[in-house]
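Engineer: Once you've had a glance at the structure underneath, I'll fire off some questions.
The values are calculated or read from the model by the stated rules, or taken from the named source; none is laboratory data. Worth saying up front: this structure is predicted, and the values here are computed from it rather than measured. Note that we place each Cβ from the backbone using ideal geometry, even for glycine, and neighbour counts take in every protein chain shown. Accessible surface areas use protein heavy atoms only, side chains included; no ligands, DNA or RNA. Shrake-Rupley method; radii C 1.70, N 1.55, O 1.52, S 1.80 Å.
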Amino acid sequence: FLPTSEIVALYQQALALTYLSLFGPSNLPPLEALNLGCPVICSNADGMFEQLGNNALYFNGYDEKDLAKQIKYVLDTENKHQITEMINRGKIFAGNLTIEKYFEKLNLIFSDFSLIRECWE
């Protein structure tokens, strides 16, 4: 376990977060990385694209060569503009994931369900 300040520094100084999990979605490290301007390379496990959209690079979690290809893409200076655009999109995307918006969506789900529930009586 590290203090928050050290975790923030690691994300901000990293070339990229390489997230190798075969499970998803709703994994916090990729969202933390996006929020702090760290490029994300993650497996294409079920739900990961739905969680991160076009704000990350994806690889087949069972193919180390595919992972290496994405790491090389980030390292290649010819792709700097595309990586910078992805970082900027990721910051905006993660910045929009607020607790207020979460509860707004949750309230919509409850409202929709309450209409269904009324049909049961």
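Engineer: Given axes a ≥ b ≥ c from the Cα gyration tensor, I'd like to know whether segment 57-121 is rounded (a/c under 1.5), prolate (a/b larger than b/c) or oblate.
Structural biologist: oblate
Engineer: Oh, and also: Taking the dipole about the Cα centre of the chain, with the C-beta of Lys and Arg at +1 and of Asp and Glu at -1, give me whichever of 99, 13, 38 is farthest to the positive side.
Structural biologist: Toward the positive end, the furthest listed residue is 13.
Engineer: Quote the Stokes-Einstein diffusion coefficient, in whole µm² s⁻¹, for segment 35-82, based on the Kirkwood radius over alpha carbon pairs, a temperature of 25 °C and a viscosity of 0.890 mPa s.
Structural biologist: For the chosen part, D equals 215 µm²/s.
Engineer: How big is the dipole moment of the chain about its Cα centre under a simple scheme where the beta carbon of each Lys and Arg is +1, that of each Asp and Glu is -1, and everything else is neutral? Debye, nearest 20, please.
Structural biologist: 340
Engineer: In segment 56-121, what percent of the accessible surface is made up of carbon and sulfur (1.4 Å probe, ligands and nucleic acids excluded)?
Structural biologist: 60
Engineer: What does the accessible area per residue of the chain come to in Å², with a 1.4 Å probe and no ligands, DNA or RNA counted?
Structural biologist: Heavy-atom accessible area per residue stands at 71 Å².
Engineer: I've got another one for you. Quick one: dipole size for segment 28-84, taken about the Cα centre, charges +1 on Lys/Arg Cβ and -1 on Asp/Glu Cβ, in debye to the nearest 20.
Structural biologist: The dipole of segment 28-84 has a size of about 200 debye.
Engineer: Right, another one. For segment 45-106 and segment 8-33, what is the separation of their Cα centres, given in Å?
Structural biologist: Cα centroid to Cα centroid, the span is 9 Å.
Engineer: Per residue, what volume in Å³ does the convex hull of the Cα atoms of segment 1-80 enclose?
Structural biologist: So the per-residue hull volume is 93 Å³.
Engineer: May I pose another question? Quickly estimate the mean residue ellipticity at 222 nm for the chain, helices only: each DSSP H run with n ≥ 4 gives -39500 (n - 2.57), and the total goes over all residues, rounded to 500.
Structural biologist: After summing the helix terms and dividing by residue count, I get -18000 deg cm²/dmol.
Engineer: Now, a different point. In the chain, how many lysine pairs have Cα atoms under 22 Å apart, counting only pairs 8 or more places apart or on different chains?
Structural biologist: 6
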